[in-house]
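Only one structure is covered here, and it is reproduced in the block below.
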Amino acid sequence: MSIQNEYLSGLMERVVRRNPAEPEFHQAVQEVLTSLVPVVEAKPEYIKEGVMDCLVEPERIIKFRVPWEDDQGNIHVNRGFRVQFNSAIGPYKGGLRFHPSVYEGIIKFLGFEQIFKNSLTGLPIGGGKGGSDFDPKGKSDAEVMRFCQSFMTELFKYIGPDTDVPAGDIGVGAREIGYLFGQYKRLRNEFTGVLTGKGLSYGGSLARTEATGYGLCYFADNMLKDAGRSFEGAKVAISGSGNVAIYACEKATALGAKVVTMSDSNGFVHDPNGIDLALVKQLKEVERKRIREYVTVRPEAEYHEGCSGVWQVPCDIALPCATQNELDLSAAKALIQNGCFAVAEGANMPCTPDAVEALQAAGLLFAPAKAANAGGVATSALEMSQNSMRMSWSFEEVDSHLKDIMTNLYHNAAGAAAQYGKPGDLVAGANIAGFLKVADAMLAYGLV
Ligand SMILES: NC(=O)C1=CN([C@@H]2O[C@H](COP(=O)(O)OP(=O)(O)OC[C@H]3O[C@@H](n4cnc5c(N)ncnc54)[C@H](O)[C@@H]3O)[C@@H](O)[C@H]2O)C=CC1
Ligand SMILES: O=C(O)CCC(=O)C(=O)O
């Protein structure tokens, strides 16, 4: 084992010791450090000058209480977080997640991933993430509004259009962004692009809603084409039925695929005739109902309780678009056995490490999240540009930038993998290509 490899193993041990009981964060760091061994062997300055140690330590963690009142007058106190992980190449950028599973370790893992993802977009954005253990599910609009206003009443002190620009993630969509932006504007008396994913009437960008799902398909399309494959005629399994899943379904279908599954945290639907996306949009975006309602309108489809079964449905391409660690080794084995030839991650870290290893070992094409789902944040950066210029671009203009960004990103990741002796390994390629720009900026600054 090289001295550099030993150093990274020791660093990983320190990360585990200093961040106890945060398995998702450990998992994300472990994957990146493993990929970076050949990079630090080629350039040991990254270790000597402290870049590696600084990289795994957030620049700042903000943790605060969020008191709010429900419609019955009861008081609740949730926890809010913002992890400002790395600002080497631009203001902190990354979403806010509202979900009961949120704790510091989840936000750290997401913020860490965001550093490399944002760098891969080629745009000047640093890495951050935030959120709360608040569950918007089942809450009235008024309750969600009061929660968002309370959350922003603390968060506004730490963010700004040139400092930190949050956006949506699980449980934070257009409604929540509206309440958060309104409260920021009121507190600061400023109309600036401090959040992205805004409504079109107050500074949002066309195509931001579609961007993560569309970008995932643009990335996957490049990967498939390089291997002589395509979406045309392919059967696609998608998990989730939120923002990423819906627009991945839309674009995969437009590219000639038949999407046969979608899910939520209760179960999944299998529609052998192809998912009726207008129905899913109505159920999820308008009525905020469970996916099981799908079969009341489409009785020829099947609903199954439990979400992991979605990967047992035979498919050619799998797009996990729900949440972290939703596709484990047994799911990977089922995909391999059923002849699936490609997996592209729409959610953040949806595949467990042993699943990724099995899929790659079986020769499937594998697109890792930090590359494949970067279209959302890339389009957020385009929203920031439009806000700064006080302009708005057409849907076609933004979509064409997005397509170019995802194509370049694919080639950069594939190129880095080949250059560092791992041809075809987009996990290694994305980690390396994302790291280099950030690390070189950190070297330039000296120890800060
Ligand atoms: N919205 C965005 O622009 C981006 C989102 N992501 C990631 O994509 C994933 C999905 O995010 P969004 O679509 O924005 O959230 P969302 O809140 O719109 O949708 C999440 C969906 O996943 C489902 N879900 C949650 N837990 C689940 C589970 N255990 N099993 C099955 N389904 C489950 C929910 O029911 C919902 O349908 C997350 O990992 C997020 O971090 C990544 C990049 C950008
Ligand atoms: O658009 C953004 O800034 C948020 C995107 C995000 O949270 C993600 O890429 O996971």
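Observations on the model:
- Mean sequence separation of contacting Cα pairs (under 8 Å, at least six apart), scaled by the length of the chain, corresponds to a relative contact order of 15 percent.
- Bridge type composition, the stretch 209-372 - antiparallel percent by DSSP, nearest 5: 35
- Amide H to amide H distances under 5 Å link GLY267 with GLY306, where only residues 5 or more positions off or on other chains count and H is placed in the peptide plane.
- Computed from backbone phi, the HN-Hα couplings of the stretch 6-14 come to 5, 4, 5, 5, x, 4, 4, 4, 5 Hz, rounded to whole numbers (Karplus: 6.51 cos²θ - 1.76 cosθ + 1.60, θ = phi - 60°; Gly and Pro given as x).
- Within the stretch 60-191, percent of DSSP bridges classed antiparallel, to nearest 5: 65
- The modelled label-to-label distance between MET391 and LYS289, using points 7 Å beyond Cα along the C-beta direction, is 4.4 nm.
- Estimated dipole of the stretch 373-448 in Debye, rounded to 20 [Cβ of Lys and Arg +1, of Asp and Glu -1, Cα centre]: 220
- Paramagnetic reach from GLU69 (point 7 Å along Cα→Cβ, amide N under 19 Å) across the stretch 159-198: 183
- Bridge orientation summary for the chain: considering DSSP beta bridges with both residues in this region, about 55 percent are antiparallel.
- Rounded to 0.05, the FRET efficiency of the TYR202 and GLU300 pair, given R0 = 41 Å and the Cβ-Cβ distance, is 0.45.
- Rounded to whole Hz, the Karplus (6.51, -1.76, 1.60) HN-Hα couplings of the stretch 348-354, x for glycine and proline: 7, 6, x, 9, 5, x, 5
- More than 21 angstrom apart: percent of Cα pairs within the stretch 60-191: 36
- Looking at the stretch 273-317, the GluC sites (Glu not before Pro) that sit in a DSSP loop and have at most 11 other Cβ atoms within 10 Å of their own Cβ are GLU287, GLU300.
- The stretch between THR407 and SER330 holds 24.6 nm of extra length on full extension. This uses 0.36 nm per residue minus the Cα-Cα distance.
- Cβ-derived FRET efficiency at R0 30 Å, ASP440 paired with SER230, nearest 0.05: 0.25
- For the chain, the mean residue ellipticity at 222 nm estimated from helices alone is -15000 deg cm²/dmol, where every DSSP H run of n ≥ 4 contributes -39500 (n - 2.57) and the total is divided by all residues, rounded to the nearest 500.
- Modelled FRET efficiency - R0 56 Å, ASN189 with ASN266, Cβ distances, 0.05 increments: 0.85
- Taken over the chain, the percentage of Cα pairs per 20 Å bin, counting from 0 up to the bin with the maximum distance, is 26, 60, 14, 0.
- Burial ordering of GLU326, GLU232, fewest other beta-carbon atoms within 10 Å first: GLU232, GLU326
- Fraction of C-alpha pairs exceeding 18 angstrom in the stretch 284-403: 63 percent, rounded to a whole number.
- Distant-in-sequence amide contacts of GLY94, defined by a placed amide H-H separation under 5 Å and a gap of 5 or more residues or a different chain, comprise GLY128, VAL165, ALA167.
- Zone residues, the stretch 115-134, relative to THR163, backbone N less than 19 Å from point 7 Å out along Cα-to-Cβ: 125-131
- Under-5 Å amide H pairs with ARG60, H placed in peptide plane, nonlocal only: GLN84
- Summary of packing: across the peptides 334-346, 149-161, the per-residue average of other C-beta atoms within 10 Å ranks them, highest first, as 334-346, 149-161.
- Computed 3J(HN,Hα) for the stretch 430-443, one whole-Hz value per residue from the Karplus formula 6.51 cos²θ - 1.76 cosθ + 1.60 where θ = phi - 60°, is 5, 4, 5, 4, x, 5, 4, 5, 5, 5, 5, 5, 5, 4, glycine and proline marked x.
- The Cα atoms of the stretch 3-55 give a gyration tensor whose axes a ≥ b ≥ c have a/c of 1.5 or more with a/b greater than b/c, which makes the shape prolate.
- Lysine pair count for the stretch 60-191 with Cα-Cα distance under 21 Å and sequence separation of 8 or more or different chains is 17.
- Value of relative contact order over the stretch 60-191, rounded to a whole percent, pairs C-alpha under 8 Å and six or more apart: 29
- Sparse-neighbour loop sites [trypsin sites (Lys or Arg not before Pro); the stretch 385-448; at most 12 other C-beta within 10 Å; DSSP]: ARG390
- Cα-centred dipole magnitude for the stretch 209-372, charges only on beta-carbon of K, R (+1) and D, E (-1), debye, nearest 20: 140
- log₁₀ of I(q)/I(0) at q = 0.16 Å⁻¹ - the stretch 209-372, Debye sum with one point per alpha carbon: -0.80
Just so you know, all these numbers are worked out from the coordinates, no wet-lab data involved. Here the structure is a predicted model, which means the values were calculated and not measured. Here the Cβ is made from the backbone with ideal geometry for all residues, glycine too, and neighbour counts use every protein chain on show.
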